[in-house]
Amino acid sequence: MADLFEDYRLGPGWDEMFGEPGMPRETYEALHATLQPLSSVELGIRAEVLARAFLDQGITFALKGIERPFPLDIVPRIIAADQWRVVEAGVAQRVRTLEAFLADIYGAGQVLADGVVPRRIVVTSAHFHREVAGINPHNGVRIHVAGVDLVRDEQGTFRVLEDNVRVPSGVSYVMENRRAMAHVLPEVFAATRIQPVESYPGQLLRALRAAAPVGVSEPTVVVLTPGVHNSAYFEHALLAREMGVELVEGRDLVCVGNEVAMRTTAGEQRVDVIYRRIDDDFLDPVHFRADSVIGVAGLLNAARAGRVTIANAVGNGVADDKLLYTYVPELIRYYLDEEPILPNVETYRLEDPDVLEHVLDRLDQLVLKPVDGSGGAGIVIGSQASDEELSLLAEKVRHDPRGWIAQREVALSMVPTLVGNRLRARHVDLRPFAVNDGERVTVLPGGLTRVALPEGALVVNSSQGGGSKDTWVLAEAPVAAITVAAASEAPAVYLAPDEPAGSGTTTVADGTSLPAPRSPDPGPDSGPVAVQQQQQQQSARIGGAAAC
């Protein structure tokens with residue numbers, strides 16, 4: 001029987017499984033021992049079952065208008081407990097810093113007066129909204145959910161690639177990837193202690209409830225989706241179901257007298273917290289795009305009056321601006337009086353004429369990114385671009401240096417990935433998810449590992465054709481929930497069990513009591529208005545889906 005790893009070649013990046021050819025790192029020894037005796041045919045069959053399971057359950061992602069299974073590679077990524085402690089602390093540090101920054105710029109603006117960040121950087125950001133200045137959330141939280149994108153460089157050091165604090169997506173795949181992997185590789189779970197991820201909906205619901213307006217002891221929480229045409233609709237429905245809250249569209253909500261209510265068969269019901277998955281521009285047609293039919297008119301006025309909480313807060317996108325990203329290390333020192341735990345990738349600010357000329361002379365050696373881009377859109381990797389593409393890029397950058405940053409091309413770390421019927425080294429990144437309830441920032445163990453499937457590709461975003469891996473964070477002590485017995489008792493991933501409605505409660509791993517799960521809102525009827533479809537799809541492209 002051929003060894004799956006016999007022709008595996010180490011790539012240009014830091015290989016996370018192998019320190020030397022054929023010599024697995026300690027973190028991967030159990031996984032390597034499990035995979036090595038398998039034939040390529042057997043591994044391929046398991047991978048096929050995995051893909052079919054995702055398709056049957058509707059775990060899909062829209063790519064260029066076509067629904068397809070979200071590609072989950074059968075080889076998981078493993079992170080040691082001591083490595084994870086650094087990631088966890090570094091992500092929480094950035095979330096606390098960006099919370100302080102957002103409160104500052106939409107309030108006193110002291111950071112601008114002190115010159116830590118130039119005022120022009122903030123006011124020229126496409127996602128800075130003066131409309132929300134002075135709106136102070138009840139518990140001070142604007143970033144209820146954050147997704148911080150990390151990479152490991154050539155030495156294996158975790159570095160921050162960008163921050164996502166608007167409507168970061170992808171956590172549903174973290175949960176579904178784990179459920180699926182427990183069935184296709186149960187023998188690895190028996191030999192490995194892995195930190196669980198199923199507590200995320202409870203953590204999120206607790207944070208949303210904690211953000212309720214003053215005086216509301218039993219808040220009504222809803223998930224606001226653009227609709228079924230959004231590429232991340234599966235995630236919206238899953239989170240609503242797991243939290244036991246309603247999944248609503250803009251047409252289901254009404255705002256009168258600064259009160260937000262949800263239309264139900266029993267009449268209107270007050271809504272206190274809205275976990276929105278709609279981009280700012282489409283959220284409230286009174287203050288933003290007047291032609292939006294997927295938002296709620298008057299929603300921002302209700303938030304200003306303190307009668308409803310919007311999570312994440314409107315205007316957070318200024319902290320996503322990739323030019324602002326270059327100032328985060330200074331912001332950490334300014335607000336927290338700490339040194340950054342996780343370093344940035346080396347980045348150039350192009351508004352300085354000397355820096356601009358230096359970058360233009362080296363375009364073929366750098367990565368250029370639009371500062372307000374998402375989902376990998378607009379990124380140009382100089383070493384992989386043609387002369388014509390570089391010439392066009394130079395023209396764009398000269399015309400709008402504020403609109404671009406340049407970064408060193410990092411050879412992202414690599415993990416064995418099933419390509420065809422063989423294992424090949426492919427580049428990966430990592431998006432850990434953090435939840436802020438106002439008292440602590442909790443980082444979900446692992447997060448979403450995205451993998452660039454084409455050979456040599458560095459853009460891992462699923463919206464650019466990438467896939468994902470289950471991310472295992474090793475536990476420092478035995479984790480009772482992760483056993484073969486537990487995996488075998490769970491419903492098979494390729495089944496779609498009915499979840500009857502009920503008024504009871506369910507207790508998740510961290511002890512949080514949730515309302516009993518319900519089936520997700522089936523969404524719009526079969527004949528939605530054409531303009532609504534168009535805006536749902538446009539919202540997905542420009543940020544409503546926060547394409548992962």
Q) Do you know the relative contact order of segment 330-407, to the nearest whole percent, from alpha carbon pairs under 8 angstrom that are 6+ apart? A) 37
Q: Note the direction-averaged projected area, equal to a quarter of the hull surface, for the Cα convex hull of segment 1-158, in nm².
A: 15.0
Q: Give me the number: length gained by fully extending Glu218 to Ala394, i.e. 0.36 nm times residue separation minus the C-alpha to C-alpha distance, one decimal in nm.
A: 57.8 nm
**Q.** Protein accessible area in segment 432-471, 1.4 Å probe - carbon and sulfur %
**A.** 42
Q: Note the per residue figure in Å³ for the convex hull of the C-alpha positions in segment 367-460.
A: 135
Q) Per-residue accessible area for Met414 at 1.4 Å probe radius, Å² rounded to 10? A) 10
Q: Starting from the residue with the highest accessible area, list Glu409, Glu339, Glu162 in decreasing order, probe 1.4 Å.
A: Glu339, Glu409, Glu162
Q: Calculate I(q)/I(0) for segment 118-163 by the Debye formula, one identical point scatterer on each C-alpha and no solvent, and give its log10 at q = 0.15, 0.23, 0.27, 0.30 Å⁻¹ to two decimals.
A: -0.68, -0.96, -1.02, -1.06
**Q.** Listed residues Trp14, Trp404 arranged by accessible area, highest first, probe 1.4 Å
**A.** Trp14, Trp404
Q) With the radius of gyration and the Kirkwood radius both derived from the Cα set of segment 119-195, what is their ratio Rg to Rh? A) 1.14
Q. In segment 267-343, how does Rg compare with the Kirkwood Rh, expressed as the Rg/Rh ratio over alpha carbon atoms?
A. 1.13
Q: Could you pull the accessible area for Glu389 with a 1.4 Å probe, rounded to 10 Å²?
A: 100
Q.
Could you sort Tyr8, Tyr334 by their accessible area in this structure, using a 1.4 Å probe and putting the largest first?
A. Tyr334, Tyr8
Q. In nanometres, what is the gap between the two model label sites at Val256 and Glu26, each 7 Å from Cα along Cα-to-Cβ?
A. 6.6
Q | Gain on full stretching of the segment that runs from Asp337 to Ala191 - 0.36 nm per residue minus C-alpha separation | A | 48.4 nm
**Q.** For segment 363-417, alpha-carbon Rg over 2.2 N^0.38 Å
**A.** 1.21
Q) Leaving out ligands, DNA and RNA but keeping every protein chain, what accessible area does Leu253 have, in Å² rounded to the nearest 10, with a 1.4 Å probe? A) 10
Q: Calculate how large, on average over all directions, the projected area of the Cα convex hull of segment 165-255 is; give the answer in nm² to one decimal.
A: 8.1
Q | Largest-first ellipsoid semi-axes for segment 299-373, taking √(5λ) over the Cα gyration tensor eigenvalues, angstrom | A | 33, 18, 10
Q) What are the semi-axes of the equivalent ellipsoid of segment 203-346, taken as the square roots of 5 times the eigenvalues of the Cα gyration tensor, listed largest first and rounded to whole Å? A) 30, 18, 16
Q | Estimated inter-spin distance, Ala113 and Asp352, nm [label 7 Å along Cα→Cβ] | A | 2.8
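The values are calculated or read from the model by the stated rules, or taken from the named source; none is laboratory data. What you are looking at is a predicted structure, and each value in this text was computed from that prediction instead of being measured. Reconstructed Cβ throughout: ideal geometry from the backbone, glycine too, with neighbour counts over all protein chains shown. Please note that ligands, DNA and RNA were not included when accessible areas were found on the heavy atoms of the full protein model with its side chains. Shrake-Rupley method; radii C 1.70, N 1.55, O 1.52, S 1.80 Å.
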